[in-house]
Structures are given as structure tokens and as C-alpha cells.
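Here's the structure we're looking at; comments come further down.
Since every read-out is calculated from the coordinates, none of them should be taken as a lab result. Keep in mind that this is a model prediction, so the values were computed, not measured. Cβ placement follows ideal geometry from the backbone for every residue including glycine, while neighbour counts extend to all protein chains displayed.
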Amino acid sequence: MQIADYAIPEAQVARTAPGARVEVRNLSRRFDDNRVISDLNLTVRPGEFVSIVGKSGCGKSTLLRLISGLDQPSAGQITVDGQPAEQAGDRLRIMFQEPRLLPWASVSDNVAVGLRNGRDKAAVAQALRAVELSDRGSFWPAQLSGGQRQRVALARALVSHPGLLMFDEPLGALDALTRLTMQNLIQQMHQQAGFTAILVTHDVAEAVALSDRVIVLGQGRIIHEAQIVRVAPVGRGSPELAAIEAEILDAIFQG
Amino acid sequence: MSLADFLVETGSRSKRLAGRSIGLPRLRAEALLPYAVPVAILILWEIAGATGLVADTVLPRPSAILATASQMLWSGELLTHLGVSALRALAGLAVGGGIGFLLGVANGTSRISETLTDSTLQMVRNIPHLALIPLVILWFGIGEGAKLFLVALGVFFPIYLNTLHGIRNVDGQLIEMGRAYGMTPRQLFLRIVLPGALPSIFVGLRYGLGIMWLTLIVAETLSASSGLGYMAMKAREFMVLDVVILSILLYALLGKLADSLTRALERRALKWSPAYANR
């Protein structure tokens with residue numbers, strides 16, 4: 001998929017800040033007596049793409065909800081660019097497993113939900129162009145396919161030019177082919193817009209294909225980290241990536 | 001082409017044309033179809049009267065009723081009664097529906113408000129509102145207050161219950177999305193909660209309209225000095241059968257009119273829903 005026309009206009013370069021820095025310090029989250037996250041530390045560099053993987057119930061979704069401010073920690077701190085996550089406003093955006101579009105709003109109006117004033121038509125058009133849905137602005141969400149809806153959700157997340165974009169299994173409900181297309185789209189967006197990305201997924205191959213770093217979570221702690229350095233563009237399914245994938249899967253099953 | 005052929009033909013055509021605009025002549029034929037049965041009944045009724053199968057003293061013919069209607073229309077009597085009834089119906093709907101909607105919103109969005117009022121409302125709901133007629137006559141006499149009170153009470157419950165139900169069933173994931181995207185409580189309500197509850201509110205409105213006519217006619221029949229119900233009662237006393245039947249037919253027409261208006265409103269307001277697409 002070609003996304004060559006997602007060039008950020010000159011005037012916007014200044015306010016399109018690069019990726020945000022995320023600091024997680026001694027983070028804990030308990031639900032009653034159940035420790036879901038215990039004493040977790042994590043730093044995500046500006047512009048870095050980090051994936052969080054692990055068995056279901058390992059706390060990866062909770063961690064994402066804590067960082068995005070949808071849930072409050074029992075102890076510890078989370079800062080985005082040095083500020084508490086709640087104050088990050090439209091610098092921080094989240095994409096859910098479901099598109100969560102407003103069924104009663106047109107595609108354009110749904111994208112505009114991501115804007116503070118909601119009236120910047122040019123920004124909405126640009127975001128729709130970026131996800132190749134320029135001609136669908138006046139459609140209702142019900143008229144789109146599952147993959148198209150998730151692309152609208154991506155446009156909504158990107159329209160405010162966030163410094164931190166978080167993905168909570170955003171491709172889990174899509175068919176295999178649409179998934180690959182969406183992965184490429186997210187990768188290209190990340191390279192062009194330079195935001196920091198945190199992806200929660202249970203698909204290790206997806207994590208390895210997209211990220212600079214993969215974190216394995218087990219019982220609320222980081223039990224393994226894999227750095228992925230791409231010297232030259234490596235294709236999907238290359239032996240190097242396959243080896244890393246095997247190593248991560250090992251860590252998950254031992255943890 | 002027989003009627004059966006016509007139906008099959010229409011069915012297959014509309015399937016083929018689904019999603020595209022349907023040709024105008026075909027649209028007209030389909031639009032007229034719902035009126036086929038009422039028109040057929042009127043024709044059979046007229047024939048039964050004209051051939052003497054049914055005596056005019058038992059059931060006057062449609063043509064006779066039409067003549068009475070036009071006579072009453074010219075004298076202005078019919079319009080006066082119609083206007084009085086319509087005004088009562090609308091006032092009752094506005095008062096009862098308005099309070100029902102506001103309480104539904106309050107109880108759907110505030111736990112305290114619901115705990116405070118819901119069990120009381122459930123108790124009141126279980127009293128058939130027409131059972132209050134003797135009390136209402138003692139309180140209000142046969143004045144306008146009595147009719148307004150009864151209609152408002154009757155309309156209140158379906159609108160209250162369906163507004164509450166609609167707000168309760170708004171997709172929690174959408175609300176979470178709205179919060180994550182920095183919507184204020186006001187924006188959350190106007191952009192997510194209210195549109196999400198709207199289909200259910202419309203169901204309440206349509207139920208409410210039915211109850212509105214029912215209540216009004218019962219109230220006017222029992223205690224009034226004007227309105228359609230009064231017109232029918234007076235005609236009964238003077239044994240004017242065609243006026244009695246005319247008022248019954250008018251109820252049917254008015255009920256259908258109110259329902260069609262709501263449907264049109266619904267289609268407009270819910271055009272985003274796949275249930276209303278391409279219709």
C-alpha cells in the first residue's frame with residue numbers, strides 16, 4: 001500500500017512534535033488482592049516502537065490502560081514527556097481492538113472526534129487521505145468493511161498528530177490479509193509521523209515485524225526483552241526475525 | 001398479470017435493485033400496496049350495504065358516512081371537535097413525554113436520582129392509569145385539567161421507561177472511547193449517550209402515541225363537552241349511527257397519521273442505522 005502522499009505540510013512541522021518519552025516507575029496495580037502489575041519499570045524512548053506480548057491475563061492490557069490514563073495505578077508513576085498521563089490530552093491517543101466509531105456520525109465526523117476543536121476540515125481530509133479513505137468521508141461506519149472501519153479509527157487517532165500512540169490489539173478482529181495491510185499502514189505511519197508507539201498484541205510475529213523492542217510480560221513483571229535492530233530492511237519471515245520470534249515464544253511459555 | 005405474479009415480480013425486482021435507486025413507477029406501485037386492504041374493505045362494505053346484505057340501521061354505508069362527514073365539515077362542527085381533541089392530545093404528549101424524557105435521562109445518568117425515584121415510579125406504573133378516572137373527575141371535574149392529567153400520565157411511562165432503557169444500553173466502549181478522546185460530560189451526553197439512546201426513545205414515543213389516543217378517547221367519552229369522544233357519545237344518545245362510525249374511523253385515521261409522522265421522523269433521525277438504510 002502506498003502512503004506517499006502523507007507528507008506533513010510545512011506549516012505543521014513546528015507543532016508536530018516528535019515522539020513522546022514515556023517513563024513508568026515502580027508501577028503496581030491491584031484488583032482487590034490480585035496483583036496484576038507489580039513494581040514495573042519501563043522507559044520508552046521518543047519515536048520508539050515497543051510491543052508488549054504475553055499470555056492472556058499477564059497484565060499487558062492493564063499496563064496499556066494505565067499508561068493511557070483509562071485506569072489509575074495502585075502505586076508508582078507514569079509520565080509522558082515528564083507530565084502525568086491525564087494531562088497529555090491529544091498528545092496521547094489510543095486505538096482499541098474494536099474500531100469504536102460513532103455509528104450516527106459520518107466517517108469525517110468520526111475522524112474529527114480526534115481533534116480538540118473538531119472543526120479542522122483540512123486536518124480531517126489529510127488524515128483520511130493517509131489511510132486511503134478520502135472518498136469515504138460522507139459514508140456511515142455501517143457502510144464500511146471491518147478493515148476500513150479500523151482505518152477510520154487509525155485516522156481518528158492520528159489526526160491530532162499525537163506524540164504517543166497506543167494500540168490495544170487493534171488488529172485482533174481482522175482477517176489475515178487485512179491484518180497484513182494494516183500492519184504495513186501502521187509501520188509507514190510510524191516512520192513518517194515519528195510518534196512513539198506501544199502495541200499490545202498476542203501475535204508474536206506481528207510484534208517482531210513492527211517493533212524496535214518486544215517486551216514479554218508475565219505475572220505483572222517484565223520477564224524478557226528483545227531488541228530488534230534492522231540494519232537493512234528484512235523481509236517478513238526472514239531467518240533473523242524467525243529466531244527472535246522463537247526466543248520470545250520460549251520466554252512466554254517459560255514465564 | 002395476476003396479483004400473485006405482481007407480488008413475485010416486485011419481490012425479485014427489489015432484490016435485484018437493492019442498494020440502487022428503484023424506478024419511479026415501481027416505487028409508486030409498492031407505495032400503494034399497503035392501502036389495498038383498507039380500500040378493498042370499504043368497497044365490500046359499500047356493496048354489502050347497497051345490496052341490502054347489511055341493513056343501514058345496523059351499519060351505514062361508507063358513502064353515507066362520507067356525506068355526513070362533508071356536511072359536518074362544512075358546518076365546522078367536525079373541525080372544532082377535531083381541533084379540541086388534537087390540542088388535548090398534543091398538550092398531554094408534551095407534558096407527559098417531556099417529564100418522562102427528563103426523568104429517564106436523569107435516572108439513566110445518575111445513580112442517586114434513580115435510587116430516589118425509580119421504585120416509586122414502578123409502583124405508580126402498576127396502577128392502570130384509567131383506574132384513576134373517578135378520582136380525576138372528583139379532582140378536576142370535566143375541565144381540561146382532567147384530560148391533560150390522564151393523557152400526560154399515560155404517555156409518561158412508555159417514554160420514561162424507554163429513555164431509561166436506551167441510555168442504560170448505550171455501548172460502554174463508546175463512552176470509554178469518548179473519555180479517552182477528551183470529551184467533556186456534556187459532549188459525552190450530546191454526542192454519544194443521547195444518539196445511542198435515540199432508537200429506544202422512538203420506540204417509547206410510538207407506544208406513547210398509542211396510549212395517548214386511547215386515554216384521550218376514553219376520557220372524552222366519559223367526561224367532556226367537546227372533542228371527538230364527546231361527539232361520538234352525543235351521537236349515541238341521539239342514535240345517529242353514521243356519526244358514531246365516523247368518529248371511530250377518525251380514530252383509526254388519526255392514529256395512523258401520528259404513527260406515520262413518527263416513522264418519518266425516525267427514518268430521518270436514524271438514517272445512519274443499517275435498519276433504515278436504502279428505505
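Listed values, structure above:
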quantity: Residue-count net charge about B:TYR35 - beta-carbon cut-off 15 Å; Lys, Arg +1, Asp, Glu -1; calculated: 0
quantity: For the stretch B:112-127, Karplus couplings with θ = phi - 60° (6.51, -1.76, 1.60), whole Hz, Gly/Pro x; calculated: 5, 4, 5, 4, 5, 10, 5, 5, 4, 4, 5, 5, 4, 4, 7, 8
quantity: Nearest-0.05 FRET efficiency for B:VAL124 and B:ILE43, computed from C-beta distance (R0 51 Å); calculated: 0.65
quantity: For chain A, size of Cβ-based charge dipole, Lys and Arg +1, Asp and Glu -1, in debye; calculated: 500 debye
quantity: FRET E, pair B:LEU135, B:ARG168, Förster distance 41 Å, beta-carbon r, rounded to 0.05; calculated: 0.80
quantity: Shielding score for B:172-181, defined as the mean number of other chain Cβ atoms within 10 Å; calculated: 6
quantity: Averaged over A:92-98, number of beta-carbon atoms from partner chains that fall within 10 Å; calculated: 3
quantity: Axial C-alpha extent at least 27 Å, average Kyte-Doolittle at least 1.6 - helices from chain A (DSSP); calculated: none
quantity: Shape of the protein assembly as shown, Cα gyration tensor, a/c cut at 1.5; calculated: prolate
quantity: Using a Förster distance of 45 Å, the FRET efficiency for B:LEU257-B:THR51 (Cβ separation, nearest 0.05); calculated: 0.90
quantity: Three-way shape call for chain B based on the alpha-carbon gyration tensor, with the a/c threshold at 1.5; calculated: oblate
